[in-house]
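The values are calculated or read from the model by the stated rules, or taken from the named source; none is laboratory data. Predicted, not measured: the structure shown is a model, and the values here were computed from it. Methodologically, a virtual Cβ is constructed for each residue, glycine included, from the backbone with ideal geometry; neighbour enumeration extends over all protein chains shown.
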Amino acid sequence: MTGGNALESAFEHALRVLTVESDGDTVPGWRGRTLSGPVRRRGEPLWLRLVGSPSALAQGTWWTGTAASAVLPALPKPVVLAVEEWDPPSVEGFRLRAELMTRLPGRALSPTAELAPETDVDPAVWVELGGILDALAAVPTQRESTVPATVDRLLHSFFGDRFPRGTPCWTTAHGDLHPGNLLVAPLGLADWEAWGRGPEHLDVATLYVHALAAPDARRSLVEVLGERLHSDAALPALAFAAAKVLARSVSGDYPTLVTPVHRLLDDLTARPLGAGGTTARRR
């Protein structure tokens, strides 16, 4: 069902059910799991997101995360207006979910999850983002972006005993804040399906890892938010974000990040706890 034609047909069905009109090209998500695009209803600019999953997995926090983000405080994020779910008659054991939401006015910082080498980012973006992430981190929730067992297992699988097990501090996070989900001019955060509790500083760590191949953007991020990155508390989040990139690289994703991620991990493992994060200051 994740084939392009099948999702496009389902997207057309969602347009009819939600009584909206297409307003531009659709954008496929990772591995064709989602299809999204600009739409309009009576002239109002909106956004339509379609996600598909085997029926047995079409439940839980990730399935409903975008709509569930309505409980969050006033953040620059989409507001879900309507949701429709259905089982496509042509595919047994499959579920589709269409989410109609307000359209963020900014542009994505990157068309892909990782930043291109020549990307430059105004430091004011990181300043504003830091305040947003502080407000988000303080929100109490029972939702989980990930769980301690997953973090420990992934770190042990990739790095053995190079990193200590156990993440002492967990806060509320976006959960997938790579540059493709960060909008600028004005600032906005898209794709909230994974939000919930995660290792402290997970969002900044995720952005940093995805900016490793873009030296100017990476440098400005460190100049503004480096105190978070080079704290001892950020070590599990940095290692976890790096491990997720390496896990996907096995299937061909992130070819430009593999080498810089390994350099980052070498620096992290050479840093003694309490050293104040020499890695982030250098990079």
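From the list Thr278, Thr256, Thr269, the one residue that fits, being among the β-branched types (Val, Ile, Thr) and either at pLDDT 95 or above or outside the structural domain of Gly166 (by TED's automatic domain parsing) (or both), is Thr256. Restricting attention to region 7-32, the residues being under 23 Å from Trp63 (Cβ atoms) and touching a helix residue (DSSP H, G or I) at 6+ places or on another chain (Cβ under 9 Å) number 6. Between Val250, Val222, Val245, Val184, the distinction of being under 29 Å from Trp63 (Cβ atoms), in contact (Cβ under 8 Å) with a residue 40 or more places away in the chain and of a type in the set (Val, Ile, Thr) belongs to Val184 only. Residues that are closer than 24 Å to Thr172 by Cα, crowded, with 16+ Cβ neighbours inside 10 Å and not aliphatic (A, V, I, L, M) within region 72-102 comprise Pro76, Lys77, Pro78, Glu99, listed in sequence order. Does Leu229 satisfy the criteria of being over 20 Å from the mean Cα position of the chain (by Cα) and surrounded by 17 or more Cβ atoms within 10 Å (Cβ to Cβ)? In short, no. When region 216-226 is filtered for residues that are surrounded by fewer than 22 Cβ atoms within 10 Å (Cβ to Cβ) and either under 17 Å from the mean Cα position of the chain (by Cα) or among the small types (Gly, Ala, Ser) (or both), the ones remaining, listed by number, are Ser220, Gly226.
For region 78-95, which positions are under 22 Å from the mean Cα position of the chain (by Cα) and in a loop (DSSP other than H, G, I, E, B)? Result: Pro78, Val79. Apart from one condition, Val121 fits all of (1) touching a residue at least 60 places away in the same chain (Cβ under 8 Å); (2) not in a loop (DSSP other than H, G, I, E, B); the exception is (2). Within region 84-97, is even one residue under 24 Å from Gly43 (Cα atoms), of a type in the set (A, V, I, L, M, F, W, C) and either modelled with pLDDT of 95 or more or in contact with an Asp or Glu (Cβ under 6 Å, 6 or more places away or on another chain) (or both)? No, because not a single residue in region 84-97 is under 24 Å from Gly43 (Cα atoms), of a type in the set (A, V, I, L, M, F, W, C) and either modelled with pLDDT of 95 or more or in contact with an Asp or Glu (Cβ under 6 Å, 6 or more places away or on another chain) (or both). Filtering region 48-71 to residues that are of a type outside the set (Val, Ile, Thr), farther than 14 Å from Asp176 by Cβ and crowded, with 16+ Cβ neighbours inside 10 Å leaves Leu48, Leu50, Gly52, Ser53, Ala58, Trp63, Ala67, Ala68. Restricting the first member to region 139-155 and to residues that are closer than 11 Å to Ala173 by Cα, and the second to residues that are among the charged types (D, E, K, R), the beta-carbon pairs closer than 9 Å and six or more apart or on different chains are Thr141/Arg197; Arg143/Arg197; Glu144/Arg197; Ser145/Asp176; Ser145/Arg197; Thr146/Arg197.
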